[in-house]
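The values are calculated or read from the model by the stated rules, or taken from the named source; none is laboratory data. Nothing here was measured: the structure is a model prediction, and the numbers come from that model. Note: ideal-geometry Cβ built from the backbone for every residue, glycine included; neighbour counts use all protein chains shown. Surface areas here come from the heavy atoms of the whole protein model, side chains and all, with no ligands, DNA or RNA. Shrake-Rupley method; radii C 1.70, N 1.55, O 1.52, S 1.80 Å.
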Amino acid sequence: GMVMGKVTGHVVSTRKNEAIVGSKILEIQLIENGCQTDKYLVAIDTVGAGIGEYVLVTQGSSARLALVNPNTPVDAVVVGIIDEAPARA
């Protein structure tokens, strides 16, 4: 599925699977019903998102399809930057 979140940090990993070498890894705080939650996930960035930006994240096996190599072992990928912060419900 697809979720919304806010980029809160970068994950630095010097040792990783060769398929994700060169990928930027982001920490994402999830947003539900227009409100930030206490849930976080880690996702590969494909759009150049920065800290503080709101993003769309696709999850599950379909996340790999957003990458150049669809056999990359990931299940969360940032696929879009949201232009306007989501309104609170």
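Quick one: work out the % antiparallel among DSSP beta bridges in the chain, nearest 5.
Antiparallel bridges make up about 95 percent of those DSSP assigns within the chain.
Per-residue accessible area for residue 11 at 1.4 Å probe radius, Å² rounded to 10?
60 Å²
Order the peptides 65-74, 28-37 from the highest to the lowest mean number of other Cβ atoms within 10 Å of their residues.
28-37, 65-74
Just add up the charged neighbours of residue 56: K/R +1, D/E -1, any other residue whose Cβ is under 13 Å from the Cβ of residue 56.
-3
Residue 16's amide H: which non-local residues (gap 5+, or another chain) put their own amide H closer than 5 Å, with H modeled 1.01 Å from N in plane and none for Pro or chain starts?
Amide H neighbours of residue 16, under 5 Å, 5+ apart: none.
Hey, can you find the accessible area per residue of the chain for me, probe 1.4 Å, expressed in square angstrom?
I get 60 Å² per residue for this part.
What number, in percent, do you get for the relative contact order of the chain if the mean sequence gap of Cα pairs under 8 Å and at least 6 apart is divided by its residue count?
Once divided by the residue count of the chain, the mean separation gives 31 percent.
Pick from 12, 47, 77 the residue whose mean-square fluctuation is largest in a GNM of the chain, springs joining Cα atoms under 10 Å.
Comparing 12, 47, 77 in the GNM, the peak value goes to 12.
Among 20, 68, 34, whose Cα lies farthest out toward the positive end of the dipole of the chain, if unit charges sit on the beta carbon of Lys, Arg (+1) and Asp, Glu (-1)?
20
Once you charge only the Cβ atoms, +1 for Lys and Arg and -1 for Asp and Glu, what is the size of the charge dipole of the chain about its Cα centre, to the nearest 20 debye?
With Lys and Arg at +1 and Asp and Glu at -1, about 200 debye.
Find, among the trypsin sites (Lys or Arg not before Pro) in segment 17-89, those assigned to loop by DSSP (not H, G, I, E, B) with at most 15 other beta-carbon atoms within 10 angstrom.
Those satisfying the criteria are 88.
Restricting the calculation to Cα positions, tell me the Rg (one decimal) and the Dmax (whole number) of segment 25-89 in Å.
Every Cα atom of segment 25-89 included, Rg and Dmax give 12.0, 38 Å.
How many percent of the accessible area of the chain is carbon or sulfur, using a 1.4 Å probe?
Answer for the chain is 49 percent, counting heavy atoms of protein chains only.
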